[in-house]
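Right, one structure below, let's go through it.
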Amino acid sequence: MAARLDKMVTAYGHTVVNEYPAETYIREKLHRTASGSVLQKSRIPAFTAELGTVLVPDPAIIQAACAGTRNVMRWAGMLKDDTEAIEGIRVIRPGYAVRRMRTPRVPEACIVHHLVDAGMRQLWHTGWMHNRVRMVTASFLVKNLLQDWRHGAEFFWNSLLDADLANNSAGWQWIAGCGADAAPYFRVFNPVSQGAWIALSGRFSSSGTHLRM
């Protein structure tokens, strides 16, 4: 599969910014997303395409990405015409490591349930939740479960001992991508990697039901 992934990325034709060869990513499971993990386990080669910088999609990159996607479809035999040139962006070959860090991965995907569930148990029993877990839980409710942020804001307001109207409302709007000072609507906290960081730091209780902070 590593060879297929290499060929697919080459067909896409954009700058590649990974530090390790494809076979290393496959062997050590260095996937970046939950969907990447699922595809990898299914033996389907996949990569993440960045469509802009500083969280803003760039029209030129989007056009080049469309051309690259069609080139991948040609590589896969889905289109029969000639390969398109990648235009409007600068394609480079860095030649040096660009992955920021190499972190261990947990063996099971159930960590997302543990993180959100443990945080909610902690909130319910103590009236407090760590700030990072608040953000992950809010993102999970709004972006993954597609619920109105106001439901979460109301629950936090009624449950947190340190509840503050301005902080609570603005924080939930920031997560939801609305309000005066909001994160982009397409920013989603990855509950798998966020949960892995907390699990590997030893902050779960031995039962996995609450957090040590």
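Can you sort K143, K80 by how many other beta carbons sit within 10 Å, fewest first? Working shown, then result.
Details: K143 19, K80 7.
Fewest-to-most Cβ neighbours within 10 Å comes out as K80, K143.
Using the number of other C-beta atoms within 10 angstrom as an exposure proxy, rank Y12, Y185 with the fewest first.
Details: Y12 21, Y185 11.
Going from least to most buried by this count: Y185, Y12.
How would you rank F186, F155, F47, F140, going from fewest to most other Cβ atoms within 10 Å of each one's own Cβ? Before the final figure, lay out the partial values.
Working: F186 10, F155 15, F47 18, F140 22.
The most exposed by this proxy come first: F186, F155, F47, F140.
Based on the alpha-carbon gyration tensor of the range 111-200 and its eigenvalue square roots a ≥ b ≥ c, which shape applies: rounded if a/c is under 1.5, prolate if not and a/b is larger than b/c, or oblate?
Values: a/c = 1.86, a/b = 1.11, b/c = 1.68.
Cα axes put the range 111-200 in the oblate bin.
Since every read-out is calculated from the coordinates, none of them should be taken as a lab result. Here the structure is a predicted model, which is why all the values come from computation and not from measurement. Cβ sites come from the backbone with ideal geometry, for glycine too, and all protein chains shown count toward neighbours.
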